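Colleague: Dropping a structure here in structure tokens format, bear with me for questions.
The values are calculated or read from the model by the stated rules, or taken from the named source; none is laboratory data. Values in this document were obtained by computation on a predicted structure and should not be read as measured data. A quick note on method: Cβ atoms are made from the backbone with ideal geometry, for glycine too, and the neighbour counts reach across all protein chains shown. In case anyone asks, the SASA skips ligands and DNA or RNA and just uses the protein heavy atoms, side chains included. Shrake-Rupley method; radii C 1.70, N 1.55, O 1.52, S 1.80 Å.
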Amino acid sequence: MNTPFIMTAGPTYIHESVRRIMSEELTNPDIDVMFYEFYKNICEKIKKVMKTENEILILAGEGILGLEAACASLTEENDRVLCIDNGIFGHGFADFVKLYGGNPVFFKSDYDRGINIENLKNFLENDSDFKYATVVHCETPSGITNDVSKICPLLKQYEILTVVDSVSAIGGENLCTDEWKMDIVLGGSQKCISAPVGLTFLSISEEAFKIIYNRKSQIKSFYCNLAAFKDWYNKKWFPYTMPIHLIYAFDKALDRVLLTNYVKKHSKIADTVRKSIVEAGLLLYPKDSLSNTVTALNIPEGIEFEYIYKKMIENYNIMVGSSFDFLKDKVIRIGHMGENCSIDKIFLTLYGLDKIFESANIKLKTNMHKVFSNLI
Ligand SMILES: *Cc1c(COP(=O)(O)O)cnc(C)c1O
């Protein structure tokens, strides 16, 4: 199979040592007490990446399950929930809030910039009666990383619990869960950790657990019920059979993350990718708050995304994505996260893009791949 290099904004390339685990013979995770030790141990590794002492849970489901589980477990009928919205994922959180009976209230901020903290302060001065707030750390579709180091402590000043979608940021951006007073932070296995798709993990503060355990009404879900995991270690029991192969692969991928200075690596490559794009005369989509893990650049006039996609596959066997919703076919996204945050792969991607722009008579001021190799 001629699998392309997936330079997309997740899922990312999975290292061979991680993939190999998927073919190993492993134990029965329900019965073998070893597995509970293993799960506990991997939670300790996740704590390191998230810089937290809060409890960690790994659930069997893709990143979206983490968003839904947080909302399902916290929301009761008519709860007011603040949805901080400067992008597609930020907006989408409100759907989960509504689904579980809550009343989402939006705080809107420009879609091509990071959340405006001053405006958020003013908003909260007038209205801060919210049970919790949802925030997206990195808006993957637009390549914007919000400054959660300011947003979350600000919300806590108003005694608002925070739920943070850090799916495309954990392992690529700085994240200080405890210092920044974040209550629920969630990630996915397939972005910067570069493990197979299929797991979500959450850090949950004591305060959040207190609210979850002391609800007036039942949580309206089984699979999204975070309370169902209560005391799993002492009971040696999970609410359902854990996908042991995925969890072992995830553990191996986490080891690879922890071996590197991943924040520094991501920020250096991201910065150099952006410089290469800008020096070539192309435009980045975001005006500020540029992500360490994904770069979105505007597609210039005279070329279509479909052509770029097709040529990149045909000529270089590299897959790049556009985005979706209002950014569909408007931007190219280069995912430089996890295993794809690599000099070789980014060089090849920029080389391919340079050649394809050239073939379509799009005049660039300079070659992106040359700038990249000079600066990196
Ligand atoms: C990837 C991602 C998710 C998980 O969603 P999928 O697109 O289904 O993988 C959630 N939030 C953000 C910000 C993401 O980038």
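Colleague: Taking a 1.4 Å probe, which of Tyr158, Tyr100 shows the most accessible area, and what order do the others take after it?
Modeller: Tyr158, Tyr100
Colleague: What order do you get for 311-320, 142-151 when each peptide is scored by the mean count of other beta carbon atoms within 10 Å, highest first?
Modeller: Highest mean packing first, the order is 142-151, 311-320.
Colleague: A follow-up question, please. Using a 1.4 Å probe on the protein heavy atoms only, what accessible surface does Thr3 show? Give it in Å² to the nearest 10.
Modeller: Near enough 80 Å² of accessible area.
Colleague: Taking amide H positions as placed in the peptide plane 1.01 Å from N, state which residues far from Leu290 in sequence (5 or more) or on other chains have amide H under 5 Å from it.
Modeller: Residues meeting the amide H criterion: Thr145.
Colleague: Additional query: Using Cα-Cα distances under 8 Å and only pairs 6 or more residues apart, what relative contact order does the chain have, in percent?
Modeller: Computed value for the chain: 23 percent relative contact order.
Colleague: Under 4 °C and 1.567 mPa s, how fast does segment 223-273 diffuse according to Stokes-Einstein, given a Kirkwood radius computed over C-alpha pairs? Answer in µm²/s, whole number. All intermediate terms of the calculation are to be shown ahead of the outcome.
Modeller: Numbers: Rh = 14.1 Å.
Answer, rounded: 92 µm²/s.
Colleague: Moving on to the next point. With respect to the cross-link table entries Lys98/Lys220; Lys40/Lys230; Lys121/Lys216; Lys310/Lys365, which display a Cα-Cα separation exceeding 20 Å?
Modeller: Result: Lys121/Lys216; Lys310/Lys365 exceed 20 Å.
Colleague: Quote the relative contact order of segment 73-145 in percent (integer), defining contacts as alpha-carbon pairs under 8 Å separated by 6+ residues.
Modeller: Rounded, it is 41 percent for segment 73-145.
Colleague: Further question: With point charges of +1 on the Cβ of Lys and Arg and -1 on the Cβ of Asp and Glu, referenced to the Cα centre of the chain, which listed residue (Ile376, Gly188, Ala270) lies farthest in the positive direction of the dipole?
Modeller: Working it through, the farthest residue towards the positive pole turns out to be Ile376.
Colleague: Over 25 Å between Cα atoms, which of Lys252/Lys355; Lys48/Lys156; Lys287/Lys330 qualify?
Modeller: Correct reply: Lys252/Lys355.
Colleague: Rank Arg80, Arg274 by accessible area, highest first, at a 1.4 Å probe radius?
Modeller: From most accessible down to least: Arg80, Arg274.
Colleague: Something else now. Setting aside same-chain residues fewer than 8 positions from Lys235, which aspartates and glutamates have a Cα under 15 Å from its Cα?
Modeller: Asp30, Asp32, Glu37
Colleague: Could you work out how far helix 88-99 tilts from the main Cα principal axis of the chain, as a 0 to 90 degree angle to the nearest 10?
Modeller: 30
Colleague: Which of the aspartates and glutamates could be linked to Lys265 by a straight reach, that is with a Cα gap under 18 Å, when you skip same-chain ones fewer than 8 residues away?
Modeller: Glu173, Asp255, Glu339, Asp344
Colleague: State the answer as a single residue: which of Ala94, Ser128, Val49 lies farthest towards the positive end of the charge dipole of segment 45-155, with beta carbon charges of +1 for Lys and Arg and -1 for Asp and Glu, about the Cα centre.
Modeller: Val49
Colleague: Rank by packing, highest mean first: peptides 175-183, 116-124, with packing defined as the count of other Cβ atoms within 10 Å averaged across residues.
Modeller: Output ranking for 175-183, 116-124: 175-183, 116-124.
Colleague: Roughly how many debye, to the nearest 20, is the charge dipole of the chain about its Cα centre, given +1 on each Lys and Arg Cβ, -1 on each Asp and Glu Cβ, and no other charges?
Modeller: Here the chain has a charge dipole of around 660 debye.
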